[in-house]
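The values are calculated or read from the model by the stated rules, or taken from the named source; none is laboratory data. Here the structure is a predicted model, which is why all the values come from computation and not from measurement. Virtual Cβ from ideal backbone geometry, glycine too; neighbours counted across all protein chains shown. Surface accessibility is based on the protein's heavy atoms, side chains included, excluding ligands, DNA and RNA. Shrake-Rupley method; radii C 1.70, N 1.55, O 1.52, S 1.80 Å.
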Amino acid sequence: MEDVEQLKRENEELKRQLAEYQKSARPRDAVLTSVSPGAAIDEKSALTIIVLGASGDLAKKKTYPVLFSLYLHGLLPPNAIIYGFARSKLDDADFKKQISRHFKKAPEEKVNGFLDRCYYFSGQYNSAESFAELAKAMDEKESAFTSGSQPANRIFYMAIPPSIFLDVAKAIQPAAMSKTGWNRVIVEKPFGHDLDSSRALSSSMSQLFTEDQLYRIDHYLGKEMVQNLMVLRFANSVFEPVWNRNFVSNVIITFKEDIGTEGRGGYFDGNGIIRDVMQNHLIQILALVGMEAPISLSAEDVRDEKVKLLRAVSALTLDDLVIGQYTASPDGKTPGYKEDPGVPQDSVTPTFAAAVLHINNSRWAGTPFILKCGKALNERKAEIRIQFKCPSASLFPNCSAPNELVLRVQPNEAVYMKMLTKKPGLTTALAQSELDLSYKSRFEDLESPDAYERLIFDVIKGDHNLFVRDDELEAAWKIFTPILHQLEKEKIQPDLYEFGSRGPASADKLIADSGYRLTTGYTWPVNRKAQL
Ligand code: BG6
């Protein structure tokens, strides 16, 4: 009884601290609001966020810092606590020291205010007893918020490797889920290794949780510019009439990283870039670029349209694919992929892929969608380019530079449309210019939230819009599974490219053959370059 009184007092203190925060915190609701109407935060019930795999890298470097950021912005409900669960034997204090190392800079009292809500529990992942004990500890803490009458809601964040995923799911299902409130389960990729294993995983998960309880994260969906796609397409009238095969010559979606696998090669080798990036992040973007307008912004209506689009994409074939693998940098200073520990010397795992996808529907038939992704390239960049056809009867010969709408996802979010304009002065020459909406110059004081911050906030609100539904996953795997199996069975050799290069030349050829026109001679204005 005394314990309960003590917890109540602690809780009152936490509420007071939080109320102060919320007063002083910058209002971030507008920034964090996703494009869907979403549900509201339930502030009356207790909320426990259970981070499974709490001592691992993902939890320490991503999950906790993002929860801290939500707290700082006053977006963690007042009755929320966080329980870390992992095997390592640590006490609360050690654990708090470990996680706070990765927090963004903040005044000490704010860090402490957040850490006061964090607890650590050491247990076995496959043990129902461990989870029953955890549940007991959570019940106690929650009762201080609910006085036994309000529901206690729980979010289980699976920051654990796929190999123990089902064991944990089976153990938490009977033992640790809330009996009085809702339960939500956040899962991270990989969602299977191919179509069959993904189906098997989905079917096992569906015996434990309803689809409504599951939140499959694809963190690219939480990125500001990916969200902006919906707004650009459907809140403006200029794009939709030309957003089709009659006007768009091709679409290219690019993900480039300027670092290699850096010690993660052993893990990466079992997946490769197609599973790591193309089958999830890039295909999700493709779905948002290509889909029809949903009948509403509700999660199910949006996801219905994405699935319809993905089902119209033909399975990828070898004719439409180039794969690559990086070697050491020309100066020998940066090692090649095979020098990463754990990567077998005969590995044919691609670290680069360029694929041309075909969408068989009336909007897009004949317009190639090119996906390109790679590690150890010349720059870090993610962007979407919609390249338009030349005017059918141009008064100006040589369509030297087609219109191109560019959405830069990162770094420095920007939207710009490459256009032709007359060079000012006594000349009839044309120059390529752009209509520009760089976020940095247009929204000077805006700080884009981390994708994970938005996504976890959406789980708290119960908004499924930015999470991957089981049938989306199935449709995405259908596009890539045959080629993944063929690459593995036939041990197809990737084309080699040097660390820090643009990728294999064969990829540039495939992309050019698909109709993409790389415009040279166009430079981003110098003064703006300085700002970016
Ligand atoms: C992850 C991939 O999903 O996305 C990583 O597994 C990749 O290999 C990462 O580096 C890129 O994410 P971001 O947000 O840094 O572009």
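Annotations
- Segment 105-157: trypsin sites (Lys or Arg not before Pro) falling in loop per DSSP and having at most 15 other Cβ within 10 Å: Lys105
- Label sites at Lys136 and Glu447, each approximated as a point 7 angstrom past Cα along Cα to Cβ, lie 4.2 nm apart.
- Surface accessible to a 1.4 Å probe, per residue, for the residues of the chain, Å²: 44 Å²
- At q = 0.14, 0.15, 0.19 Å⁻¹, base-10 log of I(q)/I(0) for segment 46-188 (Debye sum, equal scatterers on each alpha carbon): -0.61, -0.70, -1.15
- Theoretical ellipticity at 222 nm over the chain - DSSP helices of four or more residues, -39500 (n - 2.57) apiece, nearest 500: -10500 deg cm²/dmol
- Qualifying GluC sites (Glu not before Pro) for segment 222-270 [loop in DSSP, other Cβ within 10 Å: at most 15]: Glu262
- Karplus (6.51, -1.76, 1.60) ³J(HN,Hα), θ = phi - 60°, over segment 258-270, in Hz, Gly and Pro reported as x: 9, 10, x, 7, 6, x, 8, x, x, 6, 4, 4, x
- Charged side chains reduced to their Cβ positions (Lys and Arg at +1, Asp and Glu at -1) give segment 46-188 a dipole of some 420 debye around its Cα centre.
- Each part gets one Cα centre, and for segment 469-513 versus segment 135-167 those centres are 40 Å apart.
- Asp57 accessible area, 1.4 Å probe, all protein chains in place, Å² to nearest 10: 100 Å²
- Listed cross-link partners Lys223/Lys306; Lys60/Lys170; Lys170/Lys478; Lys105/Lys375; Lys223/Lys440 are compared with a 21 Å cut-off, the Cα-Cα value being larger for Lys60/Lys170; Lys170/Lys478; Lys105/Lys375.
- When every Cα-Cα distance of segment 267-336 is counted in 10 angstrom steps from zero, the calculated P(r) takes the values 16, 34, 26, 16, 8, 1 percent.
- Cα gyration tensor shape for segment 216-280, rounded if a/c is under 1.5, else prolate or oblate: prolate
- Gain on full stretching of the segment that runs from Val348 to Leu395 - 0.36 nm per residue minus C-alpha separation: 11.9 nm
- The chain - percent of accessible surface contributed by carbon and sulfur, probe 1.4 Å: 52 percent
- Each principal axis of the Cα cloud of segment 186-310 was evaluated for its coordinate range; sorted largest first, these ranges are 47, 40, 24 Å.
- Highest average packing first - 67-80, 230-243, Cβ atoms within 10 Å: 67-80, 230-243
- Sites matching chymotrypsin sites (Phe, Trp or Tyr not before Pro) across segment 408-495 that sit in DSSP coil, with at most 16 neighbouring C-beta atoms within 10 Å: Phe443
- Intensity falloff of segment 377-500 expressed as log10 I(q)/I(0), Debye formula with alpha-carbon point scatterers, at q = 0.16, 0.19, 0.23 Å⁻¹: -1.12, -1.17, -1.25
- For Phe121, Phe369, the ranking by accessible surface with the largest value first comes to Phe121, Phe369, using a 1.4 Å probe.
- Between Arg380 and Glu240, the simple spin-label model (points 7 angstrom out along Cα→Cβ) gives 3.7 nm.
- Scaled to the globular estimate 2.2 N^0.38 Å, the Cα spread of the chain, given as radius of gyration, is 1.04.
- Applied to segment 195-210, the Karplus parametrisation 6.51 cos²θ - 1.76 cosθ + 1.60 on θ = phi - 60° returns per-residue 3J(HN,Hα) values of 4, 5, 5, 5, 4, 4, 5, 4, 5, 5, 5, 6, 7, 9, 9, 7 Hz, with x for Gly and Pro.
- Cβ-Cβ FRET estimate between Asp508 and Gln486, R0 fixed at 22 Å, reported to 0.05: 0.40
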